[in-house]
There are 2 protein chains.
Amino acid sequence: MTVHIPTGVMVSENPPTGRAPSIRDVARLAGVSHQTVSRVLNAHPSIRESTKLRVQQVIDDLQYRPNSAARALVKGQSRTIGVLSAMSAEYGPASSIAAIQDAAREAGYFVNTANISRGEPSSIQAAVDHLMDQSVEGIVVIAPQVRVIEAIEKLSIAVPYVTLQSTGVADKHALSVDQIAGARLATRHLIDLGHRNIYHLAGPQDWIEAEARMRGFLEEMGANDVPTTAPILGDWTAGFGYHAGRELLRVRDFTAIFSSNDQMALGLMHAIRDAGLDIPRDVSIVGFDDIPEAAHFWPPLTTVRQDFAELGRRCIALLLANITGGANEASSSPLIPELVVRSSTAPPAW
Amino acid sequence: MTVHIPTGVMVSENPPTGRAPSIRDVARLAGVSHQTVSRVLNAHPSIRESTKLRVQQVIDDLQYRPNSAARALVKGQSRTIGVLSAMSAEYGPASSIAAIQDAAREAGYFVNTANISRGEPSSIQAAVDHLMDQSVEGIVVIAPQVRVIEAIEKLSIAVPYVTLQSTGVADKHALSVDQIAGARLATRHLIDLGHRNIYHLAGPQDWIEAEARMRGFLEEMGANDVPTTAPILGDWTAGFGYHAGRELLRVRDFTAIFSSNDQMALGLMHAIRDAGLDIPRDVSIVGFDDIPEAAHFWPPLTTVRQDFAELGRRCIALLLANITGGANEASSSPLIPELVVRSSTAPPAW
DNA sequence: CGTTGGAATGTGCACGGTCACAATTGCGAC
DNA sequence: GTCGCAATTGTGACCGTGCACATTCCAACG
């Protein structure tokens, strides 16, 4: 169907079906050049108000949407950032990812996530390749396993990257969250209560944050001249916590355990109760993360709260600062975890 | 720096820095046309083996990567699918998302996730817009709230979409996971144990899966002629479970509760224990989802297991079938949840 | 030895935006 | 009335890849 327009131009009212309207379709209907439309879209200052309105009207009528592929092609940038993540089904990573997505969207960026199923190098490689294929402008590494970082650095990646959950040292790659301080808080709490025989159930050693929490534990123990035993290396799961608990109970030379995360703490408590012992009377337990369920564990878990959402937001701020070369105010104030005391800790009975 | 090549062509050894090598750079160095390079990349059948090898060599040398924006532009498809998700920090959604990403990557697709922070319509609109801006080829809706579905349909979206966690009816939009059957399984278990006074703690009513589980509960109760009380409407969180538990205990006219998910079940158990009652002696509890922690709750929770990962995989299979117009074998065999009996259920004491 | 036809390769344009630059318009000052 | 300058708008090329079509190559056949 065609209609006659007063200007004397024959115009097809419905543009050829099957193809989304382009900037030129809009231009034709608005009676301007395609460049003017582009200017309206990009809020160019020198556009007459009346022109702008007219173009905007056509845009709305046609439900025109800029083609991001075309824009990416000509500008040479994809407006996409990549997220490299392991164990993304866990509460911590998942919360951060959600916050990252929100923050990125806010800034007009798209987020593309690639999971690292296992620690296998090939899997890491595949994930990084996937992101690079999309020509992401930056990468967020959520599961900062040492080997992942190494793989990325070895790739001499052309794009900036940021790792979440670091050791508290703020450089241009790492977010300054003081995991060590958090671990010291937890350890100090146990020491203050009078515990002297404290075990530490650590996370996988190739995780930077696991290593940081362990270091915090050892530092605080050392600072208070409390002798330590070697930490037990776990895998973050409640199942492992349970098995570790059963093993530990065969010795039973401790009055408290500091677990590297809440899930393992849950498993630990399960094993301890199975053995007929009481928490916190016989054993005190401290976790890490403060997942939403921790307040309803039995007993409610004393733990260290991390603000994963804030973490995600800062992460994007830092990355975007790297990308655009702008200043980075985000890392200026380090994020300090907070001790949440509930009912799983008490002075030792002996 | 330039070098003289035997063929008599002057070639710049290092292509102009600052720009990634293009298909033409490869072509020039390999002494073929850009189209031949394109054919190698797309595994065109009519390419001489020797030519293919030569081109491949240059590609490796240059570390050439096809520009996905250019490809998307000319082919008119982005090879990207969008995920619309709410509460993506929860175990269920997060697991599915991870599986979706893996499956999509396997199929050569990118995944772009947009979160719906609250139920606000504007938030939904913004999320959908964001995905459409990226010109996704399909959408997976993870948080199947009624209003989200409505919003999407109202948009008369030009792309196919699939919703996760449906009522068991397999149509072209919904994955056939029988939530109703799962809920009946849980309810039946309680009835079989001898319970006759059973409450149901449901999820938010605008969630399709919450509604399906509630329906399953009511159906099974009706089928066994057990009188029912009105379900309590919750918000999926452990905190709500706790408060609901405290309220319910003021009446205490029940011997069992079927909770719509494991988190609320946890809060429920917390409240019940706080009141000095024993689980399962005084009250039996059944959850839904079987999150990894459920096995280590106190007591270990009887629940209904959902295979979220398989769900994610099938979801992509269905969506890709919709996109390519191919056959869909995925939905042929509906996914049936499985009852996992642990220690939170027992025959009623009275 | 010319013809034929399929395999292998090349040519030019299109995709939908943006950029650099050119052209036109508008308006106050001379 | 016209000149100058800034504001506004238009023109054409280009980004990297795939498609349609044209061309070349080469072996088999009559």
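The values are calculated or read from the model by the stated rules, or taken from the named source; none is laboratory data. As the structure is a prediction and not an experimental result, all values here were calculated from the model. With ideal geometry, Cβ positions are generated from the backbone for all residues, glycine too; neighbour counts draw on all protein chains shown. Surface areas here come from the heavy atoms of the whole protein model, side chains and all, with no ligands, DNA or RNA. Shrake-Rupley method; radii C 1.70, N 1.55, O 1.52, S 1.80 Å.
Computed values, structure above
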quantity: Any hit, the stretch B:48-70, residues being near DNA strand C (Cβ under 8 Å from one of its atoms) and not in a helix (DSSP H, G or I); calculated: yes
quantity: Residues being over 24 Å from residue A:107 (Cα atoms) and within 12 Å of DNA strand D (Cβ to nearest atom) - total across the stretch A:45-66; calculated: 10
quantity: Residue A:34 being open to solvent by 30 Å² or more (accessible area, probe 1.4 Å), in contact with a Lys or Arg (Cβ under 6 Å, 6 or more places away or on another chain) and near DNA strand D (Cβ under 9 Å from one of its atoms); calculated: yes
quantity: Residue ID - most open to solvent (accessible area, probe 1.4 Å), chosen from residues in the stretch A:37-66 that are of a type in the set (D, E, K, R) and more than 14 Å from chain B (Cβ to nearest Cβ); calculated: A:48
quantity: Enumeration of residues in the stretch A:130-147 that are within 14 Å of residue A:113 (Cβ to Cβ), in a loop (DSSP other than H, G, I, E, B) and either open to solvent by 10 Å² or more (accessible area, probe 1.4 Å) or charged (D, E, K, R) (or both); calculated: A:134
quantity: Search result, residues across the stretch B:79-91 that are surrounded by fewer than 24 Cβ atoms within 10 Å (Cβ to Cβ) and more than 15 Å from the chain's Cα centre (by Cα); calculated: B:79
quantity: Whichever residue in the stretch B:110-124 is crowded, with 23+ Cβ neighbours inside 10 Å and more than 7 Å from chain A (Cβ to nearest Cβ) and, among such residues, is farthest from residue B:148 (Cα to Cα); calculated: B:116
quantity: Answer from B:69, B:94, B:99 - the residue that is modelled with pLDDT of 95 or more and either within 16 Å of DNA strand D (Cβ to nearest atom) or open to solvent by less than 20 Å² (accessible area, probe 1.4 Å) (or both); calculated: B:69
quantity: Failed item in (1) open to solvent by 20 Å² or more (accessible area, probe 1.4 Å); (2) out of contact with any helix residue (DSSP H, G or I) (no Cβ under 8 Å at 6 or more places or on another chain); (3) at pLDDT 95 or above, with residue B:190 passing the rest; calculated: (1)
quantity: Residues of the stretch A:290-316 classified as modelled with pLDDT of 95 or more and buried (at least 24 other Cβ atoms within 10 Å of the Cβ), total; calculated: 10
quantity: Residues satisfying the stated conditions in the stretch A:221-266, i.e. within 14 Å of chain B (Cβ to nearest Cβ), of a type in the set (Gly, Ala, Ser) and under 14 Å from residue A:199 (Cβ atoms); calculated: A:234, A:241, A:244, A:245, A:259, A:265
quantity: Flag if residue B:279 is within 14 Å of chain A (Cβ to nearest Cβ), part of a loop (DSSP other than H, G, I, E, B) and open to solvent by less than 20 Å² (accessible area, probe 1.4 Å); calculated: yes
quantity: Residue among B:212, B:244 that alone is without any contact (Cβ under 8 Å) to a residue 60 or more places away in the chain, of a type in the set (Gly, Ala, Ser), open to solvent by less than 60 Å² (accessible area, probe 1.4 Å) and touching a Leu at 6+ places or on another chain (Cβ under 8 Å); calculated: B:244
quantity: Single residue of the stretch A:289-298 satisfying the filter (closer than 16 Å to residue A:309 by Cα and in a loop (DSSP other than H, G, I, E, B)) that is farthest from the other protein chains (Cβ to nearest Cβ); calculated: A:290
quantity: Among the residues listed as B:127, B:27, the single one being more than 14 Å from chain A (Cβ to nearest Cβ), open to solvent by less than 20 Å² (accessible area, probe 1.4 Å) and not in a loop (DSSP other than H, G, I, E, B); calculated: B:27
